[in-house]
Amino acid sequence: MQITLNNKIEVFPNETLTIKEILELKKFTYPKLIVKLNDVIIEKEDFDSTFVKEGDNLMILHLLAGG
Amino acid sequence: MKNVHELKAKEKKLTEWSYVWHPIERGYNNRTLYVNVGTLEIKEKPVSQQMKEKFVGGKGFGLRLLWDATTPTTKWNDPENEIIISPGPIGGITQYSGAGKSLVVSLSPQTDSVMDSNVGGFFGPFMKFAGFDALEIQGKSDKDIIIYIDAINHKVEIFEDPGFSTDSHILGEELTEYFANDPKEAKNIGIVSTGAAADNSLIGMLNFTFWDVKRKKIRLKQAGRGGIGTVFRDKKIKAIVAKIDGVKPNLNNVADMEKITVPGRDYAKEMAEYDDIQNQMRKKGTANIVNVMSDYDLLPTHNFKFGSHKDAYKIHSDILRDKYFTQGINDACWIGCAMQCAKGVDDFIPKTGPYKGQKVIVDGPEYETAAGLGANLGIFDYDAIIEQNFYCDTYGICTITWGTIVAFLMECYENGIINKEITGGLELNFGNIPAALELLHQCASGEGFGKIAGMGVRKIKQYLIENYNADPNFLNDIAMENKGLEYSQYVSKESLAQQGGYAMTNKGPQHDEAWLIFMDMVNNQIPTFENKADALHWFPMFRTWFGLQGLCKIVWNDIIPPDNKFEKEPHKIPKHVRNYLSVWEGVTGIPMTEEELIRQSERVYNFQRIFNIRRGYGLRKHDAQPYRAAGPVTVEEYESRAERYDGQLKELIGVNPEGKTTEEKIKILRKYREEQYEKLLDAVYERRGWNKNGVPTIEHLKKIGMDLPELIEVVAPLQ
Ligand code: SF4
């Protein structure tokens, strides 16, 4: 599938993935995230039950502004 | 430890000055303390309304006083150079977290220009409670001295060092015992000191103590950057001590306590509820991001060549939490800080050096230390990192600076630029723990190759070019310094905004002005030059503000309130920004807006830029970066991330990488990245109200209320 991830086109071999799987694939391990799928905020507890599919717009904002 | 009674018997007072104490008014004493250690003159100076309006406090006061005390040609070791310590108007409150910071300002032996370094611990607030908004030290003594600010008897004394130990972890204990009439008074003593390395190198730092009530030991926080410890010892100051009769709830006599306590309590609640599922600052301190940086290819490895390493799991922050850091203890470096991130390792036993086999307490490692003395040196072993951390602290060496110096030397060694003959037998390969420790001990004692290392990266580079025919182009590319200061420990290659965040920093590449890597590289929130320029305006100004006030910037964004995700600009943690507006108003009684907050910083920031220009620096050419900070210098680096770089050649530059040698590809990528950086400078200068040469315009100075005649005089010929 091809999606927009953080305003960039990103292609994954799978047809659909959960947010949790995308986080793992991208190695996004930082805990302080804001996740928005097509502009809707997704809570952490829903990461493994929310599916991302072709054409979706996914924002994964890391709230890390340094030491 | 020396016998304190014997030391007391030898005490020889050189001078004493009495003052009339009066309570702080809404965060200000409205006077500063001037001490000349050469002439032994001690006096107070009034703080004018203009000084408060234009310079606020903290770094602002430091810069103003230093400007007035020096000329454009004053050198770091001239008697005119000063060390100024100032907390700021909010400094010393205990009802909002992280309000015990001080800013130390001086002319740096490393950069030959203005240095500022922020530090926690007790001294800054105690000096303020004693009656002074800043301590300004000038002159040079001919013998080792102690400056003692006695807030109980309202006296300032200078006396000869009766023979105290040199290194901070012992000196701090001795001085605490010396000045505390009984053990209960230990918590009322704040000390500034350094260690042996400050006598023998240009990279000496200052340790500020805080008394750990639970452990009943002194702890150390560092004003690390730029060699201010070296200036301290050049003035022959052994220590500065402030003693008060106790911290009480409202020594700042704030205007409206509720405006501080309400957000203060709310913040403490956020820490209590969410720290465990967010950063675990209370369990791991700032080192919690060691593994995060590695996961995102940002952990400097082998002199910033790479951002991760196969062995990085060996320094995962969980190991610090589970094996090293003492847990369940309040590790606040100032009273009332709910973040409590000043973690420590108790009963650590060094395997080398003068304290080999003794049980010591080690403050840290913080993130910068773990990265700088660990991954950047190819060392993935916390025992070795903690031992270097301990010795850097007690010897008075900045761990960030030292990490970048040794990493540079190791790359030089592995490239044959230096060898065993030059290093006096030290095999400075990446990962060589005994060699890294031996070099550190040599630096402290000023012996062997350690003496060379203690000059800092810029001067070592010149030394190797002049004495060993080293290739200046290669050294300039891999020497991670800008303005003469060593880079702090993040890989900035893939974040153009962070390259600016580093190399445009007034004092040199420290991350305290701007840390934009995630916003830029991962979140892709600031894709255009205009966006980046906006970020390189707002963040450095916002972060400068902490240094004007006596505040710790970690508190701002290392815990995130749960409703932050609904904010329009969540990356600014707007609720915490609003807290600061309330705290400022609570302390001073003056209403504050976000715009005025940024304006306060802008005034001081532009002043510092012009201070650099006054000294012959501060122009566009001084914002140049080493190419290692921007992209792959070597074939090894390029090929380690070939897919990424080849992709960029295709997508960003429109060049097909196929059929090209790695060297050719490096050249094309370099040209592109260097052009991008120049465009960034243009955009940021414009956003900051500076001309193409990086000089603040007179029009901008007028707009921000900084068209002071002495500033106009400097910038007018450069318009
Ligand atoms: S957040 Fe950490 S460094 Fe900052 S004041 Fe609190 S304990 Fe000290």
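The values are calculated or read from the model by the stated rules, or taken from the named source; none is laboratory data. Since this is a predicted model, take the numbers as computed values, not measurements. Note that each Cβ is placed from the backbone with ideal geometry, even for glycine, and that neighbours are counted across all protein chains shown. Areas reflect the complete protein model, heavy atoms only, side chains present, ligands, DNA and RNA absent. Shrake-Rupley method; radii C 1.70, N 1.55, O 1.52, S 1.80 Å.
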Accessible surface of B:Cys337 in the full protein assembly, 1.4 angstrom probe, to the nearest 10 Å²?
20 Å²
Sorted by mean Cβ packing within 10 Å, highest first, what order do the peptides B:584-590, B:572-578, B:560-566 take?
B:584-590, B:572-578, B:560-566
Please report the carbon-and-sulfur percent of the accessible area for chain A; probe 1.4 Å, protein heavy atoms only, DNA, RNA and ligands left out.
51 percent
As an exercise, use a Förster radius of 25 Å and the Cβ-Cβ distance of A:Thr18 and B:Lys310 to find the FRET efficiency, rounded to the nearest 0.05.
0.30
Honestly the protein assembly as shown on the Cα gyration tensor test (a ≥ b ≥ c root eigenvalues; a/c under 1.5 rounded, otherwise a/b vs b/c for prolate or oblate) is just rounded
Shape of segment B:4-243, Cα gyration tensor, a/c cut at 1.5
rounded
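What's the extension gain from B:Leu619 to B:Lys679 if we count 0.36 nm per residue and subtract their Cα-Cα distance?
20.0 nm
Quick one: compute the contact order of segment B:4-243, relative version, from alpha carbon pairs under 8 angstrom and 6+ residues apart, as a percent.
RCO, segment B:4-243: 23 percent.
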Under a plain spin-label model, where a point goes 7 Å from the Cα along Cα-to-Cβ, how far apart in nm are B:Ile349 and B:Met1?
2.1 nm
So how much accessible surface do B and A hide from each other in total, probe 1.4 Å, in square angstrom to the nearest 100?
2300 Å²
Count of lysine pairs in segment A:2-62 with Cα separation under 15 Å (8 or more residues apart, or interchain):
9
Could you state the number of Å between the C-alpha centres of segment B:593-624 and segment B:340-369?
37 Å
222 nm mean residue ellipticity, helices alone, for chain B (DSSP H n ≥ 4; -39,500 (n - 2.57); rounded to 500):
-11500 deg cm²/dmol
For the pairs B:Lys314/B:Lys356; B:Lys483/B:Lys679; B:Lys101/B:Lys323, note any where the Cα-Cα span goes beyond 22 Å.
B:Lys314/B:Lys356; B:Lys101/B:Lys323
One finds, for B:Ile668 and B:Glu273 with R0 = 35 angstrom and r their Cβ-Cβ distance, a FRET efficiency to the nearest 0.05 of 0.10
Cross-link list B:Lys13/B:Lys43; B:Lys248/B:Lys575; B:Lys54/B:Lys155; B:Lys155/B:Lys248; B:Lys52/B:Lys243; B:Lys214/B:Lys359: which exceed 23 angstrom alpha carbon to alpha carbon?
B:Lys248/B:Lys575; B:Lys54/B:Lys155; B:Lys52/B:Lys243
Ranked from the most accessible area to the least, with a 1.4 Å probe and all protein chains present, what is the order of B:Ile349, B:Ile666?
B:Ile349, B:Ile666
Per residue value of the accessible surface for the protein assembly as shown (all protein chains in place, 1.4 Å probe), Å²
35 Å²
So for chain A, averaging the separation of alpha carbon pairs under 8 Å that are six or more residues apart and normalising by length, what relative contact order in percent results?
45 percent
In nm, to one decimal, how far is the B:Asp381 label point from the B:Ile590 one, both placed 7 Å along Cα→Cβ?
5.4 nm
So, R0 is 30 Å and r is the distance between the beta-carbons of B:Ser48 and B:Asp144; what FRET efficiency does that work out to, to 0.05?
0.30
Find how much the distance from B:Lys451 to B:Asn469 grows on full extension, using 0.36 nm per residue of separation minus their present alpha carbon separation; answer in nm with one decimal.
4.5 nm
In nanometres, what is the gap between the two model label sites at B:Lys568 and B:Glu16, each 7 Å from Cα along Cα-to-Cβ?
6.1 nm
Protein accessible area in segment B:510-605, 1.4 Å probe - carbon and sulfur %
53 percent
Considering only protein heavy atoms and a 1.4 Å probe, what is the carbon-and-sulfur percentage of the accessible area of segment B:112-244?
47 percent
Whole angstrom only: what separates the Cα centroid of segment B:555-582 from the Cα centroid of segment A:16-47?
21 Å
Gap separating the Cα centres of segment B:119-156 and segment B:293-333, nearest whole Å:
36 Å
